[in-house]
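Just below is one structure, and these are the notes that go with it.
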Amino acid sequence: MVTILRGNIIHTPAFGKLETLAGGYLVLEDGVIAGVYPRLPEGYAACPVEDWGEKLILPSFADLHLHAPQYPMLGMGMDLPLLDWLNAYTFKTEERFADTDYARRVYRRLAEELVAGGTTRVAMFSSRHTDATLILMEELERAGVTGYVGKVNMDRNSGVAQETTEESIAETLRWLESCHFDHIKPMLTPRFTPSCTDELMAQLGRLAAERDLPVQSHLSENTGEIAWVKELHPDCGQYWETYRKYGLWKPGTLMAHCVYSDERERAAMAEAGVWAVHCAASNVNICSGTAPVRRMLEEGVPVALGSDIAGGDQLAMSQVVVTSIRASKVKAMETGEPFLTVPEAFYLGTAAGSRYFGGGEGFAPGHALHAIVVDEGVFPESTRELTLAERFERAVYLMDEYSIAAVYSEGRRVK
Ligand SMILES: [Zn+2]
């Protein structure tokens, strides 16, 4: 089936590269992009056109790090450092998800809000609860979100949320057995080194290898955490080595934060194909620091963005893109390195995540469409006619769920 979208098409087909096309045509065959054209090719002349008029058609967002069970505590506990914040708020909130009715209610709303804000790809932490994790996957699938979800593993230093090692593994196996979704797949999720015993890490590493499962966790978020990891693993020179030791450091492993990853740790990421997920809002909110994003990119570390709710206070990835730009300007003022431009940060919030999931950059032909349509009607009226590049910049800064008129995920319209 052929679907044709017409409108002002704007995308970033490479890092730092912005392409705009006024009144262009985006042609899909069975939801897969066949091409972007200034004029409709002859062969499609008889096909119906979804005409979005003056609206902007942009790639949709990918959120590669967020904690679903922290959604209820969005905007809370922001005056505490990481480890106190975990104990005072996070573990208690996550424990509510033992209740499956509660999980259903919260996760349905979360999935809907993700789509409303234009996020169609995720890599997400659930809680330790198998049933709630399956409900989360079901609700994401229903709403049209694609990507990975992980039941969290945590068998030490986890307060009220702690599992035994046996429980953690048995429940992980039960969860994997029950995952049968088309667009949402399982991802192994040791919370972070301090909350997993050596035995648990070793068993998860074996599972990752045997079943070829992807892995996500946290790395070098703050200095207290790094010192703690050093105490727990005196044989490991650096934090990342605690993951390598158990087979969890492999191509496609997602590591959130990497604020204090030095040159050696960054080289290990680039070499292994481990991704850094930059979570600027969270890093500033809980005073972790400003990550060396520009350095990572220059050194060949793959980087994508995450909202990291509820350390991050905004679920909307457009705002995460903006916060990443702001954080990079703080870094620039400290170090003199160039800040992230709007097209660069937009690329990291859209195309980079798409690439992570095997999709294309921008609207590359041959890949299923992930897109949003932005209606600028609610923005302040400008004093002069704006170029498409200017309208793109304004849309990145100002868009919200009310100005996102439509969302396409995996070739289907979901909003
Ligand atoms: Zn996190």
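The values are calculated or read from the model by the stated rules, or taken from the named source; none is laboratory data. Because the structure is predicted, anything quoted here is derived from the model rather than measured. Here the Cβ positions follow ideal geometry from the backbone for every residue, glycine too, while neighbour counts run over all protein chains shown.
Summary of computed values
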| item | result |
| --- | --- |
| Failed condition for residue 288, given (1) among the small types (Gly, Ala, Ser); (2) assigned by TED's automatic domain parsing to the domain that holds residue 220; (3) modelled with pLDDT of 95 or more | (3) |
| Residue in the range 106-123 that is within 16 Å of the ligand (Cβ to nearest atom), assigned by TED's automatic domain parsing to the domain that holds residue 254, on the phi < 0 side of the Ramachandran plot and touching a His at 6+ places or on another chain (Cβ under 8 Å) present | yes |
| For residue 372: the one exception among (1) buried (at least 24 other Cβ atoms within 10 Å of the Cβ); (2) part of a loop (DSSP other than H, G, I, E, B); (3) more than 16 Å from the ligand (Cβ to nearest atom) | (2) |
| Test: residue in the range 139-157 that is assigned by TED's automatic domain parsing to the domain that holds residue 258, within 16 Å of the ligand (Cβ to nearest atom), surrounded by fewer than 17 Cβ atoms within 10 Å (Cβ to Cβ) and among the small types (Gly, Ala, Ser) | no |
| Any hit, the range 297-318, residues being farther than 30 Å from residue 89 by Cα and among the acidic types (Asp, Glu) | yes |
| Filter pass, residue 68 being modelled with pLDDT of 95 or more and either within 16 Å of the ligand (Cβ to nearest atom) or hydroxyl-bearing (Ser, Thr, Tyr) (or both) | yes |
| Residue check, residue 244 surrounded by fewer than 20 Cβ atoms within 10 Å (Cβ to Cβ), modelled with pLDDT of 95 or more and within 28 Å of residue 398 (Cβ to Cβ) | no |
| Qualifying residue in the range 245-257 (condition: free of Cβ contacts under 8 Å to residues at least 40 places away in the same chain, farther than 22 Å from residue 353 by Cα and of a type in the set (A, V, I, L, M)) | no |
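Yes or no, residue by residue, for (1) modelled with pLDDT of 95 or more; (2) crowded, with 17+ Cβ neighbours inside 10 Å; (3) over 19 Å from residue 276 (Cα atoms); (4) aliphatic (A, V, I, L, M):
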{"position": "187", "(1), (2), (3), (4)": "yes, yes, no, yes"}
{"position": "198", "(1), (2), (3), (4)": "yes, no, yes, no"}
{"position": "204", "(1), (2), (3), (4)": "yes, yes, yes, yes"}
{"position": "216", "(1), (2), (3), (4)": "yes, yes, no, no"}
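Here is a yes/no grid of residues against (1) under 24 Å from residue 395 (Cα atoms); (2) within 16 Å of the ligand (Cβ to nearest atom); (3) surrounded by 24 or more Cβ atoms within 10 Å (Cβ to Cβ); (4) free of Cβ contacts under 8 Å to residues at least 60 places away in the same chain:
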| site | (1), (2), (3), (4) |
| --- | --- |
| 280 | yes, yes, yes, yes |
| 284 | yes, yes, no, yes |
| 302 | no, no, no, yes |
| 315 | yes, yes, no, no |
| 322 | yes, no, no, no |
| 326 | yes, no, no, yes |
| 330 | yes, no, no, yes |
| 337 | no, no, no, yes |
| 340 | yes, no, yes, yes |
